Amino acid sequence: MSSLAGKTAVVTGSSRGVGADTAKLLAAQGANVVVNYRQKAPRANKVVREIEEAGGRAIAVQADMTAPEDVRNLFARAVEAFGGVDVLVLNASGGMETDLGEDYALRLNRDAQDDTLTAALEHLPEGGRVVFVTSHQAHFINDVETMPEYVQVAKSKRAGEDALTARIPELTDKGITFVVVSGDMIEGTVTATLLNRARPGALEQRREAAGKLYSVREFAEEIARMVTADVPTGHVELVGGADDFLAQAGQK
């Protein structure tokens, strides 16, 4: 995709953090943006307001990504507001919550991602793009150990990536490209904060190993760049220090 002017992008989990900044960046490039949130309408509405004040177009749509009817409504609202859907950024993730059931990580990070793609394919045109956002800790989990507190989430996100990647032939038949953006631990994200709380010093240890940890804005810029980047379908963009992950994976 060469230009986002007039295109419509649905960004899941975009009421705060990386998703919110990604939504703003895509809007700044001319995209109509659907800001998705699960519970916090005021936060999502604030993102929409900031986009509109900057001259962009956006709407906020509530959808629990683990609820299929919500997911289908998300795309229906996008089509109603903007006439179609050209880009899907699968940013919503989680699993460290303790009150949503033992299987929540898999339901959100694998099943919901696959279901959301299925719903999107009813609308995405030839030339459309799907971007899946993950972490190095998840992308490399089959070869590189991670913190015990994050293993369940990492495995569920990798399962989601595998499920989506398996659908590349289907996407190719429809003329839709698929890109994975994997980042190191990101300063200021909920996941990084929770991990550092569970294992004090984890952020500093990772910062020393990588040399630098990206900020929320910096990671969002890389995601937004991959929405239009001239890369082959199935491309995996590694953002931040990945040398140690690659070295360990290569030793397996």
Residues that are within 15 Å of the chain's Cα centre (by Cα): find the helices (runs of 4 or more DSSP H) completely inside segment 1-98 holding 2 or more of those. 17-28
Just for segment 147-181: of the residues that are among the hydroxyl-bearing types (Ser, Thr, Tyr) and open to solvent by 30 Å² or more (accessible area, probe 1.4 Å), which one is farthest from Val85 (Cα to Cα)? Thr165
Quick check: is even one residue across segment 183-199 in contact with a Gly (Cβ under 9 Å, 6 or more places away or on another chain), free of Cβ contacts under 8 Å to residues at least 60 places away in the same chain, under 18 Å from Ala92 (Cα atoms) and assigned to a loop (DSSP other than H, G, I, E, B)? yes
Of the conditions (1) at pLDDT below 95; (2) out of contact with any helix residue (DSSP H, G or I) (no Cβ under 9 Å at 6 or more places or on another chain), Gly183 clears all except one; give me its number. (2)
Do you know which residues across segment 223-241 are under 25 Å from Ala23 (Cβ atoms) and open to solvent by less than 40 Å² (accessible area, probe 1.4 Å)? Ile223, Ala224, Met226, Val227, Thr228, Ala229, Val231, Gly234, Glu237, Val239, Gly240
State yes or no: is Ala58 closer than 18 Å to Val133 by Cβ and crowded, with 16+ Cβ neighbours inside 10 Å? no
Gln113 fails exactly one of the following numbered conditions: (1) in contact (Cβ under 8 Å) with a residue 12 or more places away in the chain; (2) open to solvent by less than 40 Å² (accessible area, probe 1.4 Å); (3) farther than 23 Å from Val231 by Cβ; (4) of a type outside the set (D, E, K, R). What is the number of that condition? (3)
Looking only at segment 74-84, decide whether some residue is within 24 Å of Lys24 (Cα to Cα), of a type in the set (Val, Ile, Thr) and open to solvent by 20 Å² or more (accessible area, probe 1.4 Å). yes
Using beta carbons and a limit of 8 Å, which pairs, at least six apart or on different chains, have the first residue in segment 222-239 and part of a loop (DSSP other than H, G, I, E, B) and the second one of a type in the set (Phe, Trp, Tyr)? Thr233/Phe178; Gly234/Phe178
Given the structure, is Asp184 of a type outside the set (Val, Ile, Thr) and open to solvent by 30 Å² or more (accessible area, probe 1.4 Å)? no
Any pair with Cβ under 8 angstrom, 6 or more apart, that starts in segment 49-71 at a residue that is over 16 Å from Val11 (Cα atoms) and among the aromatic types (Phe, Trp, Tyr) and ends at one that is at pLDDT 95 or above and outside any strand (DSSP E or B): none
Can you tell which of Ser3, Ser14, Ser93 is surrounded by fewer than 20 Cβ atoms within 10 Å (Cβ to Cβ) and hydroxyl-bearing (Ser, Thr, Tyr)? Ser3
Are there any pairs, at least 6 apart or on different chains, whose C-beta atoms fall under 7 Å, with the first in segment 4-28 and under 13 Å from Gly56 (Cα atoms) and the second open to solvent by 30 Å² or more (accessible area, probe 1.4 Å) and part of a helix (DSSP H, G or I), and if so, which? Leu4/Thr228; Thr8/Phe82; Lys24/Glu50; Leu25/Glu221
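The values are calculated or read from the model by the stated rules, or taken from the named source; none is laboratory data. From a predicted model like this one, the values you see are computed outputs, not experimental measurements. Note that we place each Cβ from the backbone using ideal geometry, even for glycine, and neighbour counts take in every protein chain shown. Note: accessible area is taken over every heavy atom of the protein model, side chains too, but ligands, DNA and RNA are not part of it. Shrake-Rupley method; radii C 1.70, N 1.55, O 1.52, S 1.80 Å.
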